[in-house]
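Participant: Shown below is the structure under consideration.
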Amino acid sequence: MLRALKKYAVVDKSMKNLITVEFFAQLINVSFIAILPLYMKAEHFTDVEYAHFTSYRYLGMLSLALFVGMYIKGRKILPFFYIAAIGLPLFALLILIGVAIHSTELLLISHLLWGVSYTFIQIPILPYILRNTHKRQHTLVITMHFVVWSIASISSGLIISVFNRINKELFNECNLLFTLVIASFMGIYFVTRVNKNEYVPIIKEKRSNLKEYDWKIIIRALTPTAILAIGAGFTIPFMSLFFSNVHNMSTSSFSFLNFITAILVASLTIYIPNIKEKYGYQKAIPITQSIAIIALIIMTTTQYYSYLNIAIYIAGLFYILRQPFMSAAVPLTTEITMKYVGERNQEMASALTSSIWSGTAYFSAIAFGILRQLNYSYATIFWITAIMYSIGVIMFYLLVVDYNKKEKLGLIT
């Protein structure tokens with residue numbers, strides 16, 4: 001473990017500050033995914049209503065994605081990080097107020113603007129890393145970028161679990177979320193510590209000229225991501241509801257599950273550079289993702305025998321196993337996707353990747369609400385994810401094969 005961590009010591013301090021900014025953004029994101037549904041449930045909002053409001057968060061991410069992707073080409077990216085550092089905790093605070101006072105208008109607007117603010121860090125961060133980090137450190141910094149989700153999950157999961165167990169009334173879902181959101185304003189300090197002398201590549205073509213992009217290559221590279229994103233949209237935002245409604249799991253217990261899961265994700269993810277060196281993309285990506293799919297299927301089927309005491313333990317165990325293996329592949333799939341499209345297409349690919357995740361999450365959230373309204377079980381809905389994940393893994397494997405062929409021919413450097 002220590003040997004693996006030592007590799008990250010060479011990463012530039014400015015880049016570490018940027019990753020810290022992202023940590024505070026993700027602190028809000030993971031805590032909202034984990035217990036905002038439970039807070040809204042306590043305030044007598046239904047699954048359908050939660051899905052409806054959540055869809056606006058994804059709509060906000062989707063609305064400016066392409067614009068941001070084209071705008072940052074040949075321009076400074078740092079100003080976007082300032083907007084995100086301020087906007088994310090601010091609009092998260094308004095979401096919590098909206099739940100407390102049951103204001104539909106405030107919830108819709110604040111979810112939408114939170115999504116817009118999240119776009120300002122989600123899309124530009126990968127192009128910024130690729131521009132301002134030495135090629136030999138790309139895997140290291142990209143891995144840090146993805147492991148920060150796990151570190152935020154560990155932090156929020158530990159805080160929620162410990163304090164909720166100490167005093168459930170004082171440290172209820174509402175107060176815990178308010179505390180985490182207020183803490184996330186610290187991101188503003190760290191964004192001021194990021195190096196302002198960023199590298200900005202000179203461009204010759206017009207940013208708005210869509211003909212300048214290699215669309216066949218971009219579509220080929222992003223198709224597997226799109227398939228995975230469709231499946232994930234049916235599952236990730238609603239996992240806490242599955243454990244609460246199917247297995248009657250408490251907030252503190254589910255947060256503890258997320259805490260353990262996040263530790264495993266972080267522990268496995270920091271070894272990604274080593275895994276890449278030893279096994280390469282072609283083995284590492286499909287094997288880790290396949291294990292995750294098997295774990296998801298086993299977890300899903302526990303709804304069929306949820307009346308047995310053992311069901312909740314099996315569901316919890318395979319929930320813990322699913323996320324590390326699915327997350328472990330993400331730095332590698334992201335790196336290979338960005339390398340596959342080439343430097344001239346990276347900003348657009350980053351924007352479209354965000355659009356894909358946001359767009360599919362938006363429509364999946366709406367579809368989830370419809371399916372729940374039609375009384376479809378969580379298990380039935382989660383099976384959709386398992387099927388889509390399986391197709392996505394096959395598509396990623398084919399992409400890696402094509403990538404290796406092009407690399408050998410010197411078409412990818």
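Participant: Would you call THR119 assigned to a helix (DSSP H, G or I), touching a Leu at 6+ places or on another chain (Cβ under 6 Å) and either open to solvent by less than 50 Å² (accessible area, probe 1.4 Å) or more than 20 Å from SER255 (Cβ to Cβ) (or both)? Even if it seems obvious, please write down each step before you answer.
Facilitator: Values: assigned to a helix (DSSP H, G or I): yes; touching a Leu at 6+ places or on another chain (Cβ under 6 Å): yes; either open to solvent by less than 50 Å² (accessible area, probe 1.4 Å) or more than 20 Å from SER255 (Cβ to Cβ) (or both): yes.
Against the criterion (assigned to a helix (DSSP H, G or I), touching a Leu at 6+ places or on another chain (Cβ under 6 Å) and either open to solvent by less than 50 Å² (accessible area, probe 1.4 Å) or more than 20 Å from SER255 (Cβ to Cβ) (or both)), THR119 qualifies.
Participant: Among the listed residues PHE53, PHE23, which satisfies the condition of being under 16 Å from the mean Cα position of the chain (by Cα) and outside any loop (DSSP other than H, G, I, E, B)? Give the derivation first.
Facilitator: Details: PHE53 fails: under 16 Å from the mean Cα position of the chain (by Cα).
When all the criteria are applied, what remains is PHE23.
Participant: For ARG75, only one of the following conditions fails: (1) open to solvent by 50 Å² or more (accessible area, probe 1.4 Å); (2) within 20 Å of the chain's Cα centre (by Cα). What is its number?
Facilitator: (2)
Participant: Can you work out which of the residues in region 369-391 that are assigned to a helix (DSSP H, G or I) and of a type in the set (S, T, N, Q) is least open to solvent (accessible area, probe 1.4 Å)? Full working, then the answer.
Facilitator: Just the residues of region 369-391 that are assigned to a helix (DSSP H, G or I), to begin with: 369-373, 378-391.
This time we only want the ones that are of a type in the set (S, T, N, Q), so: 373, 380, 385, 390.
Details: GLN373: 128, THR380: 62, THR385: 1, SER390: 48 Å².
The extreme case among them is THR385.
Participant: Here's a follow-up. Identify, please: which residue in region 276-317 is among the aromatic types (Phe, Trp, Tyr) and farther than 17 Å from THR337 by Cα and is, among those, surrounded by the fewest Cβ atoms within 10 Å (Cβ to Cβ)? If you could, list the steps in order and put the result at the bottom.
Facilitator: Within region 276-317, the subset among the aromatic types (Phe, Trp, Tyr) is 279, 281, 304-305, 307, 313.
Remaining after also requiring farther than 17 Å from THR337 by Cα: 279, 304-305, 307, 313.
Details: TYR279: 14, TYR304: 11, TYR305: 10, TYR307: 6, TYR313: 12.
Among those residues, the one meeting the criterion is TYR307.
Participant: With the condition kept exactly as written, say whether any residue in region 147-158 is modelled with pLDDT of 80 or more and over 26 Å from THR334 (Cβ atoms).
Facilitator: The answer is yes, given that some residue of region 147-158 is modelled with pLDDT of 80 or more and over 26 Å from THR334 (Cβ atoms).
Participant: Taking the condition open to solvent by 10 Å² or more (accessible area, probe 1.4 Å) and at pLDDT below 85, does LEU59 pass?
Facilitator: So LEU59 passes the test.
Participant: I've got another one for you. Return the pairs, sorted by first residue and then second, in which the second residue is of a type in the set (Gly, Ala, Ser) and crowded, with 16+ Cβ neighbours inside 10 Å, the first residue lies in region 281-305 and is without any contact (Cβ under 8 Å) to a residue 12 or more places away in the chain, the beta carbons are less than 8 Å apart, and the residues are 6+ apart or on different chains.
Facilitator: As it stands, the answer is TYR305/ALA311, since those pairs meet every condition given.
Participant: Here is a follow-up. What do you reckon, is VAL99 modelled with pLDDT of 85 or more, more than 30 Å from SER244 (Cβ to Cβ) and open to solvent by less than 10 Å² (accessible area, probe 1.4 Å)? Reasoning before the result, please.
Facilitator: Numbers: modelled with pLDDT of 85 or more: yes; more than 30 Å from SER244 (Cβ to Cβ): no; open to solvent by less than 10 Å² (accessible area, probe 1.4 Å): yes.
Spelling it out, it is not the case that VAL99 is modelled with pLDDT of 85 or more, more than 30 Å from SER244 (Cβ to Cβ) and open to solvent by less than 10 Å² (accessible area, probe 1.4 Å).
Participant: If you go through region 85-92 one residue at a time, do you hit one that is in contact with a Phe, Trp or Tyr (Cβ under 9 Å, 6 or more places away or on another chain), closer than 16 Å to GLU343 by Cα and buried (at least 24 other Cβ atoms within 10 Å of the Cβ)?
Facilitator: So in region 85-92, the residues in contact with a Phe, Trp or Tyr (Cβ under 9 Å, 6 or more places away or on another chain) come out as 85-92.
Now drop any that are not closer than 16 Å to GLU343 by Cα, which leaves none.
Among the residues of region 85-92, not one is in contact with a Phe, Trp or Tyr (Cβ under 9 Å, 6 or more places away or on another chain), closer than 16 Å to GLU343 by Cα and buried (at least 24 other Cβ atoms within 10 Å of the Cβ), which makes the answer no.
Participant: Same structure again: So for region 341-360 (the condition being in contact with a Lys or Arg (Cβ under 8 Å, 6 or more places away or on another chain), among the hydroxyl-bearing types (Ser, Thr, Tyr) and in a helix (DSSP H, G or I)), does at least one residue qualify? Spell out the reasoning first.
Facilitator: Here is the first cut: in region 341-360, the ones in contact with a Lys or Arg (Cβ under 8 Å, 6 or more places away or on another chain) are 347-348.
With among the hydroxyl-bearing types (Ser, Thr, Tyr) added as a condition, the list becomes none.
Scanning region 341-360, I find no residue that is in contact with a Lys or Arg (Cβ under 8 Å, 6 or more places away or on another chain), among the hydroxyl-bearing types (Ser, Thr, Tyr) and in a helix (DSSP H, G or I), so the answer is no.
Participant: Follow-up question, since we're still on this one. For region 126-156, which residues satisfy the criterion of being surrounded by 22 or more Cβ atoms within 10 Å (Cβ to Cβ), over 14 Å from GLU343 (Cα atoms) and not hydrophobic (A, V, I, L, M, F, W, C)?
Facilitator: THR143, SER150, SER153, SER156
Participant: List the residue pairs whose Cβ atoms are under 7 Å apart, where the first residue sits in region 323-349 and is of a type in the set (D, E, K, R), the second is assigned to a helix (DSSP H, G or I) and open to solvent by 10 Å² or more (accessible area, probe 1.4 Å), and the two are 6 or more positions apart or on different chains.
Facilitator: Cβ pairs passing all conditions: GLU335/HIS138; GLU335/THR139.
Participant: Still on this structure, I have one more. Out of ILE320, ILE394, ILE366, report the one residue that is over 18 Å from ILE219 (Cβ atoms), open to solvent by 10 Å² or more (accessible area, probe 1.4 Å) and at pLDDT 85 or above. Steps first, answer last, please.
Facilitator: Details: ILE394 fails: over 18 Å from ILE219 (Cβ atoms); ILE366 fails: at pLDDT 85 or above.
Selected residue: ILE320, the only one of ILE320, ILE394, ILE366 that is over 18 Å from ILE219 (Cβ atoms), open to solvent by 10 Å² or more (accessible area, probe 1.4 Å) and at pLDDT 85 or above.
The values are calculated or read from the model by the stated rules, or taken from the named source; none is laboratory data. All values derive from a computational prediction rather than experimental measurement. Note that we place each Cβ from the backbone using ideal geometry, even for glycine, and neighbour counts take in every protein chain shown. The protein model used for the area step is the full one, side chains on, heavy atoms only, and it has no ligands, DNA or RNA in it. Shrake-Rupley method; radii C 1.70, N 1.55, O 1.52, S 1.80 Å.
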